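Heads up: the structure comes next, in structure tokens.
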Ligand code: FDA
């Protein structure tokens, strides 16, 4: 005889645990299954072990989704303030960092323990190292063949996340369930991910590995971010690159303002007045790391000579070079290091109010498995909390 549950949640990550806790609060009997040996593995490693769990400023434009309005309902039904209130209720110390990002002061474990405490209800059961072999629709809901047993449920919640970081248990399971039930998929690709460079550029910039500078980076669609850019031995990284990677498609260029806080033409003109005999390289080395200047001057075919020998046209061209440095990435580091997966279950297939599949009654998708990806800065967890919460009110 199959065990019967009101709700089965597949995936004990951020969204799945939130959903289970909420469904449990409504008195539903809930089974959470996960093929991993413990819950919330991505939460534990997130934010450098401190989990950037939300952001003070959350709006629909912080998300990449084919339907930009889809996220609005869930984000307003369960806001960042609701989650912050839960964190406060559990007496978890947190701190604000740049751009309104909120992190645990001690450890991301606090967030997982909080979710587990919320799930500590008599009607919620969790099973780990549990594989789902088969799902079938029944008249009353769904029947599932697990490696340990068969179960039946009225509502089925898919919370298995995206493809990033396979080492942490990421699988395409959620997409396969969507396809089984005939739901459309938006093609997936790695997001919030470092860029790799073509061989020649990679070799030229490899010696800059470790250099970080503030920069504004613009994608071809006009999206811009201002944060730190980091040169690595594989290519370009740092928060500004991770952010823009979600707006980049292969073959496109990105434009980098390497000196976003000044007008280089004006600065050089002033420097020329004060130190006319100072070389260009030495002048620019006051503004950016010397090694970077040397590589850029060489690659830009710029002659290093005293400032007084530059005419206004040359200065303007140089300013344009540093403010609009163009680079065409070779690709990205892919799912191995990506923080999120762009694309997923098409949100047109889901109710934005409940996360239920429009065509399959009782089937819900929450979190990253769907075509919703947030910016760096706590937005992805906020989506997990908000979508998990609303599904938990209905499943
Ligand atoms: P999540 O991936 O959390 O959970 C999915 C669960 O499903 C996992 O427990 C997995 O084991 C399980 N599962 C998968 N396949 C299964 C199968 N076939 N059978 C059974 N179970 C299965 N975001 C943010 O807002 N702030 C941050 O600080 C960070 N930091 C960060 C760092 C790193 C290194 C990464 C990779 C990602 C982040 N993120 C982040 C993104 C964030 O972690 C991510 O968006 C959420 O965890 C998504 O939550 P979900 O619950 O949807 O999936």
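Where a number appears in this text, it was derived from the coordinates with a stated rule and is not lab data. These figures come from a predicted structure and were not determined experimentally. Cβ placement follows ideal geometry from the backbone for every residue including glycine, while neighbour counts extend to all protein chains displayed.
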Notebook entry, point to check: Where the Cα atoms of the range 327-393 are projected onto their three principal axes, how long is each span, largest first, in whole Å?
Noted result: 46, 24, 19
Note to self: Could you give me D for the range 50-119, from Stokes-Einstein at 4 °C and 1.567 mPa s, where the hydrodynamic radius is the Kirkwood radius over C-alpha pairs? Units µm² s⁻¹, please.
What the structure shows: 99
Notebook entry, point to check: So if we plug the beta-carbon distance of residue 393 and residue 359 into 1/(1 + (r/R0)^6) with R0 = 22 Å, what FRET efficiency do we get, rounded to 0.05?
Noted result: 0.60
Next item on the list: Could you please rank 19, 104, placing first whichever residue has the fewest other Cβ atoms within 10 Å of its Cβ?
Entry: 104, 19
Next item on the list: Of the DSSP beta bridges with both residues in the range 1-153, give the percent that are antiparallel, rounding to the nearest 5.
Entry: 60
Notebook entry, point to check: Computed over the Cα atoms of the chain, what is the ratio Rg over Rh, Rh following Kirkwood?
Noted result: 1.08
Notebook entry, point to check: With the calculation restricted to Cα positions, what are the radius of gyration and Dmax of the range 139-249 in angstrom?
Noted result: 20.5, 63
Next item on the list: Would you work out the relative contact order for the chain, in percent, from Cα pairs under 8 angstrom that are 6 or more residues apart?
Entry: 26
Item checked: Cβ crowding within 10 Å averaged over residues, with 272-278, 124-130, 373-379 ranked highest first -> 373-379, 124-130, 272-278
Margin query: Using only DSSP helix segments of four residues or longer, with each worth -39500 (n - 2.57), what per-residue ellipticity at 222 nm results for the chain after dividing by its residue count and rounding to 500?
Written below: -9500 deg cm²/dmol
Note to self: What whole-number distance in Å separates the alpha-carbon centres of the range 332-395 and the range 201-261?
What the structure shows: 27
Next item on the list: List 370, 114 from most exposed to least, where exposure is judged by having the fewest other Cβ atoms within 10 Å.
Entry: 114, 370
Next item on the list: Could you calculate, for the range 159-203, the ratio of the Cα radius of gyration to the Kirkwood radius, expressed as Rg to Rh?
Entry: 1.16
Check: Per residue, what volume in Å³ does the Cα convex hull of the range 203-305 take up?
Finding: 107
Next item on the list: Can you tell me the FRET efficiency between residue 273 and residue 203 if r is taken as the Cβ-Cβ distance and R0 is 30 Å, rounded to the nearest 0.05?
Entry: 0.20
Note to self: For a quick check: sort 216, 372 by the number of other beta carbons within 10 angstrom, fewest at the front.
What the structure shows: 216, 372
Notebook entry, point to check: Taking the Cα centre of each part, how many Å lie between the range 109-188 and the range 35-92?
Noted result: 19
Margin query: Can you order the peptides 131-137, 115-121, 158-164 by their average number of other Cβ atoms within 10 Å per residue, highest first?
Written below: 158-164, 115-121, 131-137
